[in-house]
1. Quick check for me: using +1 on Lys/Arg Cβ and -1 on Asp/Glu Cβ, what's the dipole size of the range 31-306 about its Cα centre, in debye to the nearest 20?
2. Which FRET efficiency, nearest 0.05, do Asp67 and Leu111 yield, Cβ-Cβ r, R0 22 Å?
3. What order do you get for Trp276, Trp217, Trp19 when you list them from fewest to most C-beta neighbours inside 10 Å?
4. So which trypsin sites (Lys or Arg not before Pro) in the range 32-118 pass both tests, a DSSP loop state and at most 11 other Cβ atoms within 10 Å of the Cβ?
5. Among the DSSP beta bridges whose two residues both lie in the range 31-306, what percent are antiparallel, rounded to the nearest 5?
6. If you line up the long axis of helix 141-159 against the longest principal axis of the chain, both from Cα atoms, how many degrees apart are they, to the nearest 10?
7. Taking the beta-carbon count within 10 Å as an exposure proxy, list Ile218, Ile275 from fewest neighbours to most.
8. Report the label-to-label distance for Trp19 and Arg283 in nanometres (one decimal), using points 7 Å from each Cα along the Cα→Cβ vector.
Amino acid sequence: MAVRPVPSVPTPPAELEPWQWPEAQWRAIVDHVRAGRALRPSVWPNGARCAVALSFDSDHETNELRDGGKSFGRMSQGQYGNRQGVPRILTMLKKYDVPASFYVPAVVATLYPDEQRRVVAEGHEVAIHGWIHERNSILPAADERDLQMRAADVLEKVTGVRPVGIRTPSWDFSPNTLAITREMGLLYDSSLMADVDCYELLMDGEETGIVELPVEWIRDDAVYFSMLRFGGLRPYTPPEGVFDIFRRELEAAHAEGGLFQLTMHPHITGYRSRIWILEEIIRHAQALGGVWFATHADIVRYVKKAC
């Protein structure tokens, strides 16, 4: 009796390397989330030349929790953001009568509801910053959607104000993030870096109605001051150097008549040897003259009407 050969299992084609992609493939990736027209008004409110958008990511313990970490040392560093960082920052903002935006994970809002209520009571914005500072790019679409929507509900329940904007945790933007943000009817995102001024966000070439108020790592304190002992991450820039970078960004925005956006963290900048950077940025902006300090939400509302 003849032995039949075992049928071979077809081998799927090997994944193409990026340099082998056809144009349609790489173009579809690039065009999925794209910057549209720039939104720089010819004049800012009250004839101001420049808008200043200060922001604070109140991550607190979620920097450790999001990866399943249980280090009490790192969580205590996050708790410093609540015990010392946010109060110092709020005191400074009140001293100069400057509004700001605070991006708060839902877990942080649940741990520290009084902190968020104080932030809103003192005239600042509280906006979405994920559930537990998760990384969107590794989440299934359904989970990302669920967490983003529940995070908005938690912030509204805690503060009494429905958030209108989002900053994704670690500025991590998945292929689904923009669609979820649009579905929620949010006014803006502040996670991307295609410009220094606000711009319209496009998805697959179509306008979404969402405004991007862009961030950048060079305007983020964590880049210069983060410390991770077992990861070999060490701060390398002195506070004076960080201030110089921020100041130059501010002066350039003022000279161009545009937007200066800054991202800081209460558990990083809220130390006695660093809080002066925030104060000096505010003082320098005021000395330049013609500066409008506003929350991210108020800036976006203005550019949507003016541009």
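1. The calculation lands at about 800 debye.
2. 0.80
3. Ordered from fewest to most neighbouring Cβ atoms within 10 Å, Trp276, Trp217, Trp19 come out as Trp19, Trp217, Trp276.
4. When the trypsin sites (Lys or Arg not before Pro) of the range 32-118 are filtered for loop state and at most 11 Cβ neighbours within 10 Å, Lys70 remain.
5. Approximately 30 percent, going by the DSSP bridge assignments.
6. 20 degrees
7. The fewest-first ordering by Cβ neighbours comes to Ile218, Ile275.
8. Going from the Trp19 label point to the Arg283 one covers 5.4 nm.
Readers should treat all values here as calculations from the given coordinates under stated rules, not as data from a laboratory. Here the structure is a predicted model, which means the values were calculated and not measured. When we count neighbours, we look across all protein chains shown, and the Cβ atoms used for this are built from the backbone with ideal geometry, even at glycine.
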